[in-house]
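K.L.:
Just passing along the structure, written as structure tokens.
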Amino acid sequence: MRTLLLLLLLAVVCLFGWMIAKSQSDQDAPIVTASVYYLGNTIEAFDSNAWRLPSTDAFTFRLQSNEATEFSLNYGGETLKKVSRKFDVPLKALIGQNTIEVLAEDRNGNQESYSYSLAGLPAVMPLIQTPADVIPGDAFSINIASPPALYGVDSSSVEAKLLGKDLTLFDNTLASPPQISALAVLPLGTGSGEYPIEITMTDVFGRVTKAEQVVRLLTTTQTLQNIDLPADLLSIRNLENQLLEADVVSRAIESSPHKATPLWTEAFIRPIEGATSSGFGIPRQYGAGGEISFHTGTDIVAPEGTAIRATNDGVVMVSGYYPIKGGFIMIDHGASVQSLYFHQTEGLLVREGMRVKRGDLIGKVGSTGLSTGPHLHWEIRINNQPTEASNWVDKTLP
Ligand SMILES: [Zn+2]
């Protein structure tokens with residue numbers, strides 16, 4: 001009986017001893033976390049255990065373990081070792097997708113391997129596509145190939161200049177594959193020659209690359225059109241009225257909330273059927289000796305009351321009666337594109353702020369304002385700069 005008790009006690013002691021021993025012997029591999037430091041800052045992983053860095057630049061790869069660890073790190077064929085809880089490894093970002101393989105082993109021989117992915121990105125040049133030749137007033141697209149998503153570049157990281165002015169860039173989802181685009185025009189009256197488009201792109205690391213593309217402007221001589229108007233009609237075209245109307249248009253364009261977003265997805269249409277009585281870009285003189293101006297739109301003749309349709313989707317930005325333009329509607333198509341419709345009859349059919357779809361009825365042909373007979377003066381502008389509207393018809397982008 002006594003022996004049995006002693007044996008039982010011994011068994012209990014052994015069990016406790018084994019349990020204590022087991023709790024002390026470490027069977028868990030080191031738990032390692034990694035972080036990346038570049039120019040003194042932590043770089044956030046863009047994916048789990050994946051980072052991007054400017055290639056050939058130096059960075060620090062930091063490994064931290066929950067216990068004393070023998071680290072063995074392999075990157076680009078080189079192996080680096082250290083025994084510690086923390087291992088700061090100075091490295092240089094290799095070009096392309098590479099992995100950092102890490103083997104972590106504790107004193108008791110417990111091992112765990114880790115794999116990290118590192119994209120070393122060389123600076124990328126903007127790839128620009130434009131037409132080689134244009135004529136004054138012809139709208140054209142400037143397309144910049146989107147660099148891989150890793151560069152974090154979109155339309156907000158690109159600047160484009162033509163004639164010293166900033167162009168509006170937008171993320172062009174109308175193109176496939178998507179591009180960064182701008183719409184441009186060399187205005188009527190611009191002399192022939194070569195005009196550079198300057199592109200500046202800033203990537204996610206703040207690296208700036210610049211590129212330039214030249215477009216050649218070809219000009220033709222056009223016959224001056226003399227316009228004889230009765231004095232009372234011509235008096236409408238005074239400086240005060242011109243400034244008033246220009247101000248209404250430019251204010252509306254400046255306050256557009258859709259400057260960098262196309263609101264359309266399909267091709268542009270002609271707003272009415274009919275013969276063109278006066279084409280775009282024709283130099284005009286109101287009375288002998290008067291100043292020469294260009295016709296900024298296309299005049300289409302149609303009977304009074306003919307339905308006028310929106311040339312594409314957009315938002316009505318101006319709807320009202322003005323001395324020269326008469327019954328006037330301007331539609332904001334986004335991406336700094338506007339369409340304008342002059343001389344409409346009483347009863348404009350859309351109000352400011354209304355959304356319109358391509359082909360929607362917006363008004364009716366009339367002869368209000370500076371007009372001698374029923375017709376529609378139709379324009380498409382890029383950032384308030386008149387363009388040849390007919391060139392947009394049947395195209396999603398010029
Ligand atoms: Zn006109």
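K.L.:
Go through (1) over 27 Å from T209 (Cβ atoms); (2) open to solvent by 80 Å² or more (accessible area, probe 1.4 Å); (3) not in a strand (DSSP E or B) and name the single condition G109 misses.
P.N.:
Only one criterion in (1) over 27 Å from T209 (Cβ atoms); (2) open to solvent by 80 Å² or more (accessible area, probe 1.4 Å); (3) not in a strand (DSSP E or B) is unmet by G109, namely (2).
K.L.:
Residue under question is V248, and the condition is that it be within 16 Å of the ligand (Cβ to nearest atom), at pLDDT 95 or above, farther than 20 Å from L188 by Cβ and open to solvent by 30 Å² or more (accessible area, probe 1.4 Å); does it hold?
P.N.:
For V248, the condition - within 16 Å of the ligand (Cβ to nearest atom), at pLDDT 95 or above, farther than 20 Å from L188 by Cβ and open to solvent by 30 Å² or more (accessible area, probe 1.4 Å) - is not met.
K.L.:
Name the strands (runs of 3 or more DSSP E) wholly within the stretch 271-351 that hold at least 3 residues that are open to solvent by less than 40 Å² (accessible area, probe 1.4 Å) and more than 16 Å from the ligand (Cβ to nearest atom)?
P.N.:
Counting at least 3 such residues, we get 314-322, 326-334.
K.L.:
Considering only the stretch 172-197, state which residues are closer than 19 Å to M125 by Cα, surrounded by fewer than 17 Cβ atoms within 10 Å (Cβ to Cβ) and within 18 Å of the chain's Cα centre (by Cα).
P.N.:
Scanning the stretch 172-197 gives P177, P178.
K.L.:
Have a look at N74, N143 and point out the one that is modelled with pLDDT of 95 or more, outside any loop (DSSP other than H, G, I, E, B) and under 30 Å from L183 (Cβ atoms).
P.N.:
Matching residue, one of N74, N143: N143.
K.L.:
Which residues, counting only those in the stretch 199-215, are at pLDDT below 95 and open to solvent by 60 Å² or more (accessible area, probe 1.4 Å)?
P.N.:
Within the stretch 199-215, V204 is the sole residue that qualifies.
K.L.:
I'd like the full set of residues that are in a strand (DSSP E or B) and open to solvent by 40 Å² or more (accessible area, probe 1.4 Å), limited to the stretch 216-243.
P.N.:
Across the stretch 216-243, the qualifying residues are R216, Q225, N226.
K.L.:
Any idea how many residues of the stretch 228-269 are touching a Ser or Thr at 6+ places or on another chain (Cβ under 9 Å) and in contact (Cβ under 8 Å) with a residue 60 or more places away in the chain?
P.N.:
14
K.L.:
Right, something else. List the residue pairs whose Cβ atoms are under 6 Å apart, where the first residue sits in the stretch 82-94 and is within 22 Å of P122 (Cα to Cα) and in contact (Cβ under 8 Å) with a residue 12 or more places away in the chain, the second is aliphatic (A, V, I, L, M) and open to solvent by 100 Å² or more (accessible area, probe 1.4 Å), and the two are 6 or more positions apart or on different chains.
P.N.:
none
K.L.:
Just one of (1) under 22 Å from the mean Cα position of the chain (by Cα); (2) over 18 Å from L174 (Cβ atoms); (3) more than 16 Å from the ligand (Cβ to nearest atom) trips up R381, so point out which.
P.N.:
(3) is the only condition that R381 fails.
K.L.:
To continue, here is another question. Could you pull out the residue among G326, G334, G305 that is modelled with pLDDT of 95 or more and closer than 15 Å to I253 by Cβ?
P.N.:
G334
K.L.:
Mind checking which residues of the stretch 128-149 are loosely packed, with under 15 Cβ neighbours inside 10 Å and over 15 Å from the mean Cα position of the chain (by Cα)?
P.N.:
Q129, P131, A132, D133
The values are calculated or read from the model by the stated rules, or taken from the named source; none is laboratory data. Predicted model, so just to flag it, every value in this text is computed and none were measured. Methodologically, a virtual Cβ is constructed for each residue, glycine included, from the backbone with ideal geometry; neighbour enumeration extends over all protein chains shown. Remember, those area values only see protein heavy atoms, side chains included, never the ligands or the DNA or RNA. Shrake-Rupley method; radii C 1.70, N 1.55, O 1.52, S 1.80 Å.
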